[in-house]
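So the structure is just underneath, and the comments pick up after that.
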Amino acid sequence: MNYIIYQVHGNPDNYNEALYSILSYYKFNIDNRNTIVIYTDDKHFFKKYLPSDVILVDINSEKIKEWRGKIDFVHRVKIKIIQDFTSKYNGNFLYLDSDTCFTYNITSIFDSIENDVLFFDKYECDLFESKIRIVKRIAKFFKRNKLQKFSSDVIPVDVTKPFYLFNAGVIGFNSKYTLLLTEVESLTDFLYPKLKSHITEQFAFCYYFQRIQKPNVTDEKIYHYWDFKEFRPVLKAFFNFNATKNLSELLFEIHKIDPKILCKDKADYRKMTFFQKIIKRITKGKKWEIAPYNL
């Protein structure tokens, strides 16, 4: 069996993101040979739109607090949700953050996972070559602390060049690798108090996955718009405007608000030089705004 796993709780914007992601899945995967799983604190929201074969798992604030652990780390919940589901089901698993959408059919991804290929969203950088401040902090830690042994019953963590850092908004693997999740959790619990970095669990997944193999990426077929929060009000407007439509009807409408298209202007703006941004602000009276769209 193939499973697509989401966690959706707390913020109403996350519900809209996840629903849009699932709609995009149905759009490009008409045969739907995969089972969608949603860990959520609002099952009724999804029951309104989605078919009965979607697995909805209740979570509440107490469980989320428990899964944040003693380190009180929000992204530790991701690890625990994946652990919880994969401990009960066997097969091929694709975890997705809610701020993702499908752009192609993903049959080939699950076929590869079945054949032991590991997946992440996309490659970001080499840990030791990156100029990104938060990544440099992790690199600095491991340059100073060789062969970190964070538990008496595990192999010391040895982070050497090259170390590939992938975005963990998408994580794909099969049941053969579920034991790695325990190691990911342990490394996250060890590192987060030292680094206080929101990418600690991302690093831990990357570390243990690439000890097995260099992971593949899904970014051609799944788009992760983690840095495009401006899409949230668009989603809210879209679902309010289409509040009376069912799943089939919504599938005919979602092309109107494609985040990959709407964020292009923002990406172009970021590539501008400092002076180009100043000129744009003077001539246009604004820095950047989202591209127009019609509902």
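The values are calculated or read from the model by the stated rules, or taken from the named source; none is laboratory data. Just so we're clear, the structure is a prediction, and the values are computed from it rather than from any experiment. FYI the Cβ positions are ideal-geometry reconstructions off the backbone, even for glycines, and counts take in every protein chain you see. Protein only, heavy atoms only, side chains kept; ligands, DNA and RNA dropped before computing areas. Shrake-Rupley method; radii C 1.70, N 1.55, O 1.52, S 1.80 Å.
Please work out which one of (1) part of a loop (DSSP other than H, G, I, E, B); (2) farther than 24 Å from Gln7 by Cβ is the condition Trp226 fails and give its number.
With (1) part of a loop (DSSP other than H, G, I, E, B); (2) farther than 24 Å from Gln7 by Cβ applied to Trp226, the lone miss is (2).
Kindly indicate the residue of region 187-216 that is of a type in the set (D, E, K, R) and modelled with pLDDT under 95 and also nearest to Thr160 (Cα to Cα) among those meeting that condition.
Arg211
Quick check: anything in region 128-139 touching an Asp or Glu at 6+ places or on another chain (Cβ under 9 Å) and of a type in the set (Gly, Ala, Ser)?
yes
Can you pull out the residues in region 184-231 that are open to solvent by 50 Å² or more (accessible area, probe 1.4 Å), over 15 Å from the mean Cα position of the chain (by Cα) and under 30 Å from Asn294 (Cα atoms)?
Selection gives Glu230 alone.
What pairs come up if the first residue lies in region 193-210 and is over 17 Å from Phe120 (Cβ atoms) and in contact (Cβ under 8 Å) with a residue 12 or more places away in the chain, the second is crowded, with 17+ Cβ neighbours inside 10 Å and of a type outside the set (A, V, I, L, M), and their beta carbons are under 8 Å apart, counting only those six or more places apart or on different chains?
Ser197/Phe203
Can you tell me which of (1) aromatic (Phe, Trp, Tyr); (2) at pLDDT 95 or above; (3) assigned to a helix (DSSP H, G or I) is the one Phe142 doesn't meet?
(2)
Assuming Lys63 fulfils every condition listed in (1) in a loop (DSSP other than H, G, I, E, B); (2) over 19 Å from the mean Cα position of the chain (by Cα); (3) over 27 Å from Ala243 (Cβ atoms) apart from one, which condition is it?
The one condition Lys63 does not meet is (1).
Do you know which residues across region 81-107 are closer than 23 Å to Pro259 by Cβ and either open to solvent by less than 20 Å² (accessible area, probe 1.4 Å) or without any contact (Cβ under 8 Å) to a residue 60 or more places away in the chain (or both)?
Leu94, Tyr95, Leu96, Ser98, Asp99, Thr100, Cys101, Phe102, Ile106 - these are the residues of region 81-107 that are closer than 23 Å to Pro259 by Cβ and either open to solvent by less than 20 Å² (accessible area, probe 1.4 Å) or without any contact (Cβ under 8 Å) to a residue 60 or more places away in the chain (or both).
Under 6 Å between Cβ atoms, at least 6 apart or on separate chains: pull out the pairs that start in region 1-23 with a residue that is farther than 20 Å from Asp258 by Cα and end on any residue that is in a helix (DSSP H, G or I) and open to solvent by 20 Å² or more (accessible area, probe 1.4 Å).
Val8/Asn14; Val8/Tyr15
Out of everything in region 32-60 that is free of Cβ contacts under 8 Å to residues at least 12 places away in the same chain and either among the aliphatic types (A, V, I, L, M) or assigned to a loop (DSSP other than H, G, I, E, B) (or both), what residue ends up being nearest to Phe85 (Cα to Cα)? Can you show your working first?
To start, the set of residues in region 32-60 that are free of Cβ contacts under 8 Å to residues at least 12 places away in the same chain comprises 32, 44, 47-48, 52.
When the remaining residues are screened for being either among the aliphatic types (A, V, I, L, M) or assigned to a loop (DSSP other than H, G, I, E, B) (or both), the result is 32, 48, 52.
Values: Asn32: 20, Lys48: 23, Ser52: 18 Å.
Going through the qualifying residues, I end up with Ser52.
Determine which single condition Ile134 fails, assuming it passes every other condition in (1) of a type in the set (Val, Ile, Thr); (2) open to solvent by 10 Å² or more (accessible area, probe 1.4 Å); (3) at pLDDT 95 or above.
(3)
Take region 68-80 and flag every residue that is buried (at least 21 other Cβ atoms within 10 Å of the Cβ) and not basic (Lys, Arg).
The answer is Phe73, Val77, Ile79.
Hey, among the residues in region 169-180 that are over 16 Å from the mean Cα position of the chain (by Cα) and either in contact (Cβ under 8 Å) with a residue 12 or more places away in the chain or not in a loop (DSSP other than H, G, I, E, B) (or both), which one's nearest to Leu94 (Cα to Cα)?
This residue is Asn174.
Taking region 14-42, which residues are among the charged types (D, E, K, R) and open to solvent by 10 Å² or more (accessible area, probe 1.4 Å)?
Looking only at region 14-42, we keep the residues that are among the charged types (D, E, K, R), and these are 17, 27, 31, 33, 41-42.
Residues satisfying the conditions are Lys27, Asp31, Arg33, Asp41, Asp42.
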